[in-house]
Amino acid sequence: MRLIAARLERVRQHLELELSFAPGLTLIGGPNEAGKSTIVEALHKALFLKATATGRGIEELRSLTHGGLPQVELRFEAGGQTWQLRKRFAGAGGTCQLSSDGGTSLQGSSAEARLAALLQVPGPVEGRRIAQLPLRWAHLWVRQGEAGGDPLAAGPESYDLGLLVQQLQQAGSAAALRATASALESPLDRQVQQLLQQRLELQLTATGKVRAGSPLALAQAREAEAHLALQQGQARLAELEAALEQLRQIAERLAAIEEQNGLLNALGRLQTEARPLQQQHQQLQSALHQWQGLQQQRLADQGQLTQLQQRLEQQQQQRQQLERAAADGSRQRQGLEQRSQELLRQQDLLSALADLASLEREQEQLRQHKAHFDGLQQQASAIKEQLQQLPAIGSNEVRQLRQAEQQLAHALARCQGMATQVALLEGTAAISLDGHPLASGESRLLEQPAVLAIEGGTRLLISPGGGAAMGDAVAARQQAQELLRGLQQLLGQTSSEAAEALAQQRQALESELNNLRKAAATIPWAQLDAQLAALQPRRQRLQRALAELGQANDGPLPSQAELEERQQTLKQELQATGQQRTQLERELAARQQQREQLDRGQGQHQAEAGRLAGALAATDQRLQELQSQHGDPQQLAQALAALGSQLQARQGQIEALQQQLGAAAGDGEQRLQQLEADKETLLTNRGQQEQICHSLGAREPALEVERQQAELEQAQGERQALERSTSALQLLLQAFAEAQQQGANHYCLPLQAALQGYLDALGLAPGTSAPLTFAPQQGFGALQLQRQQQRFDFGQLSGGMREQLAAALRLSLAQLLLGAYDGCLPLVLDDAFSNSDPQRQAGVLRMLERGVQQGIQVLLFSCTPDAYGPLAARLGSSVILGPPRAEEP
């Protein structure tokens with residue numbers, strides 16, 4: 001399939017564009033926005049998009065500057081014939097026509113179906129399935145910005161895997177590929193594989209888990225049951241052995257309890273005998289301690305009582321001094337209160353005088369506001385009279401008059417430009433123009449045809465240039481003159497300059513009037529009279545207040561400075577008096593607090609003295625009682641020594657028994673009770689363990705464990721056999737899959753061989769290759785670049801290397817598919833090497849040249865055509881598009 005020529009009409013910025021394509025390489029260059037990508041899209045949609053499609057796919061072809069619907073014509077060779085395709089994209093009204101040099105002519109859906117058959121695609125793409133359009137010949141059509149993408153990433157549909165496999169089976173090592181294909185599709189292998197898969201599915205699910213109810217699952221269940229039964233038997237055997245050990249330990253524990261009971265009973269008797277002696281010893285020792293404590297307490301209480309009596313005398317003297325000071329402070333406070341009252345009266349008088357002075361100032365300010373407002377009103381009236389005398393000319397009227405003058409000037413200039421000038425330079429014969437004599441040196445402008453008569457009978461018709469345009473210019477001049485005269489009469493001015501001066505004068509007066517209105521708005525003119533009238537009642541109230549304070553109101557008022565000075569002086573004196581009163585109040589409060597504190601202290605000391613006196617009397621009485629009961633302290637000490645000797649002997653016997661008992665020698669009675677309770681518990685436990693031994697021993701648990709162990713080993717053997725069988729099935733299926741994959745890899749060999757040729761032409765380092773994989777269903781994938789022993793995924797490569805490797809793969813795919821398309825296929829590259837550096841550019845050219853030599857038709861679109869010009873001149877042709885035209889208004 002080879003493209004011959006194309007014609008685009010009303011496709012975006014192209015009103016009409018014709019292109020011819022060379023059999024080898026066609027270079028289409030031009031700057032950005034020249035419409036190169038538009039050509040790429042138009043060619044692709046003409047081949048694969050249905051003419052009656054609607055939506056985004058058609059809207060992208062419509063022109064915004066040229067009226068009409070987009071239309072694409074394409075001539076190409078396919079199926080041994082030359083075809084002419086014409087598509088007009090108009091939504092539901094779109095048309096498709098396909099004709100051949102052999103006489104075939106098709107239209108509509110028949111033409112679309114035949115075109116799809118020639119291109120070997122399922123059918124045209126409809127508008128609602130526009131997402132499928134980029135997948136059609138995606139390996140041959142490289143749009144701008146997509147050159148660095150992996151051509152295999154979109155899946156088998158994007159590069160026609162089925163047709164490619166057919167060509168691979170017919171290429172190069174055809175015998176090996178056919179053998180691989182037969183191995184991949186062997187009926188016997190497929191039947192064996194299905195049988196193995198069915199047997200494996202009996203045991204495992206699709207996720208690799210054991211299937212419920214399968215023989216393997218049942219074997220695992222039997223093994224689990226046998227394991228559980230063995231565990232239960234072993235538990236019963238262990239329980240029997242534990243019960244026998246418990247019986248032995250219970251017997252030993254009962255013997256130890258009997259021995260401890262005898263020792264604890266002996267210890268209890270000794271402790272009972274020692275208890276009365278300890279009580280008597282404690283009583284005597286307590287009495288001695290009481291005697292000594294009472295003596296010490298009596299001495300301390302007597303000393304405290306003496307000190308309290310001295311303090312009471314001192315506090316009485318302090319109280320008398322505080323009473324005298326409090327009387328003096330009360331007299332001072334009364335004098336300060338009288339002075340404060342007098343100062344407050346003077347302060348009220350000064351406040352009333354200050355308010356009256358403020359009222360006078362406020363009244364004077366209101367009078368000034370009223371006078372100012374009256375003056376503003378007079379100025380505004382004068383400005384309004386001036387405005388009434390001026391004509392109503394504003395900026396709009398001045399602009400209209402100026403525009404009319406400019407239109408007239410333009411019309412005069414146009415008439416003068418089209419008019420013909422006739423000048424008589426010199427002559428002796430009489431000459432007239434339209435019957436008017438023309439003197440030497442005279443010149444005239446002609447705006448309409450005129451007759452030039454020369455003495456002797458010569459008559460010439462002179463017509464100005466422009467034809468009908470001259471009449472239009474004269475009419476436009478007359479219209480402009482009439483418009484200007486009308487505006488001049490309406491405004492009463494002869495020029496826009498005079499009108500503008502009046503407009504500026506009027507604007508200045510209006511601005512001044514507006515300023516006067518703003519100034520008047522700041523004065524509360526509506527309330528001036530009311531505020532002046534409201535001041536009189538305030539004046540009368542203040543005069544009455546002054547009279548009540550003893551101030552005559554007939555003299556002049558003090559000045560504001562004098563009032564402020566007097567108020568400041570009075571304020572300072574009031575503050576000083578207030579501070580003195582505050583200080584005196586604090587001193588009186590402190591003296592009162594001291595007196596109350598002294599009263600409280602005296603009460604407390606008197607109560608404490610009474611308490612100490614009572615305590616001394618009680619101590620003396622207790623000492624007399626102790627002496628009558630136990631004698632003096634010397635007698636108490638002798639009795640304590642005798643009892644101590646007896647207690648020491650008993651304590652030695654008790655300690656000997658406690659050493660024998662050890663930790664069990666705590667509370668003897670409590671320990672005896674605990675031992676008795678332990679004995680009862682042990683006896684009960686012994687009965688339970690004897691019952692357990694009798695119950696478990698009747699079933700011979702040791703023999704039962706041996707039997708259960710044999711059953712578990714049998715179940716484990718069955719389970720292991722089934723697992724080995726299942727693993728064998730998995731290994732067989734894995735071996736089948738590996739064999740199939742190994743055979744499928746043969747499909748990569750022709751493609752890798754073709755790809756290696758282009759990589760060598762690119763000029764990469766020796767040993768560089770591009771490995772990839774093949775799967776029967778998923779197709780080719782995992783494209784990589786290998787340098788020496790290191791591999792790089794396609795996404796890890798630089799932008800330029802991705803463009804070059806992708807172009808090499810596209811050339812390889814096109815080369816392998818040539819046999820299915822009459823030995824030729826077009827490869828469209830739109831700015832496909834924008835990231836390639838200048839050093840690699842020569843390799844790119846060699847790679848393209850190799851593709852053309854193999855039979856690939858290359859359509860190269862570039863905004864830098866100079867880089868490919870020599871190659872295009874040698875292998876084909878080039879077309880350079882002009883810069884983009886500005887959009888029409």
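Observations on the model:
- Using a probe radius of 1.4 angstrom, the carbon and sulfur fraction of the accessible surface of the range 706-846 is 49%.
- Note on Ser645: accessible area is roughly 80 Å² with a 1.4 Å probe, heavy atoms of protein only.
- Judged by the ratio a/c of the largest to the smallest principal axis of the C-alpha gyration tensor, the range 1-155 counts as rounded, that ratio being less than 1.5.
- Between the range 1-19 and the range 798-821, the alpha-carbon center distance in angstrom: 26
- Classification of the range 760-889 by its C-alpha gyration tensor yields a prolate form. The axis ratio a/c (a ≥ b ≥ c) is 1.5 or more, and a/b outweighs b/c.
- Relative pair counts by distance (%), Cα atoms of the range 478-520, 10 Å bins: 26, 33, 21, 14, 5, 0
- Since only Thr864, Gly851, Gln788 are under comparison, the one whose Cα sits farthest along the positive direction of the charge dipole of the range 763-889, derived from C-beta charges on Lys, Arg, Asp and Glu, is Gln788.
- In the range 48-148, the portion of solvent-accessible area held by carbon and sulfur atoms comes to 46 percent [1.4 Å probe, whole percent, DNA, RNA and ligands not counted].
- Ordered from highest to lowest accessible area with the whole protein assembly present and a 1.4 Å probe, Arg686, Arg7 read as Arg686, Arg7.
- Protein heavy-atom accessible surface, 1.4 Å probe, per residue over the range 791-889: 43 Å².
- Pairwise centroid distance, computed over Cα atoms, of the range 198-248 with the range 487-505, Å: 117
- Counting only protein chain heavy atoms and rolling a 1.4 Å probe, the accessible areas of Thr619, Thr681, Thr82 rank, largest first, as Thr681, Thr82, Thr619.
- The Cβ shell under 12 Å around Gln71 holds other residues with a net charge of +4, Lys and Arg each +1, Asp and Glu each -1.
- Loop-located trypsin sites (Lys or Arg not before Pro) in the range 805-889 (DSSP state not H, G, I, E or B) with no more than 13 neighbouring Cβ atoms inside 10 Å: Arg885.
- In the context of the full protein assembly, Val422 retains an accessible surface of approximately 20 Å², using a probe radius of 1.4 Å and ignoring ligands and nucleic acids.
- By a 1.4 Å probe calculation restricted to protein chains, Lys679 has an accessible surface near 50 Å², given to the nearest 10.
- Within the range 377-428, none of the trypsin sites (Lys or Arg not before Pro) combine a DSSP coil assignment with at most 16 other C-beta atoms in a 10 angstrom radius.
- In the context of the full set of protein chains, residues of the range 46-85 present 39 Å² of accessible surface per residue (probe radius 1.4 Å, heavy atoms only).
- Solvent exposure of the range 418-509, expressed per residue, is 62 Å² of accessible area, with all protein chains present and a 1.4 angstrom probe.
- Sorted peptide list for 793-801, 159-167, criterion being average Cβ within 10 angstrom, highest first: 159-167, 793-801
- The share of accessible area on the range 441-506 that comes from carbon and sulfur is 51 percent, using a 1.4 angstrom probe.
- Taking amide hydrogens as placed 1.01 Å from N in the peptide plane, the amide H of Leu49 sits under 5 Å from those of Val125, each at least 5 positions away in sequence or on another chain.
- Restricting the GluC sites (Glu not before Pro) of the range 423-462 to loop positions (DSSP other than H, G, I, E, B) with no more than 16 neighbouring Cβ atoms within 10 Å leaves Glu426, Glu442, Glu455.
- Amide hydrogen neighbours beyond the local backbone of Leu106, cut-off 5 Å, H modeled: Leu98, Ser99
The values are calculated or read from the model by the stated rules, or taken from the named source; none is laboratory data. Everything quoted here is computed from the prediction, not taken from an experiment. With ideal geometry, Cβ positions are generated from the backbone for all residues, glycine too; neighbour counts draw on all protein chains shown. The accessibility values were calculated without ligands, DNA or RNA, using every heavy atom of the protein model including side chains. Shrake-Rupley method; radii C 1.70, N 1.55, O 1.52, S 1.80 Å.
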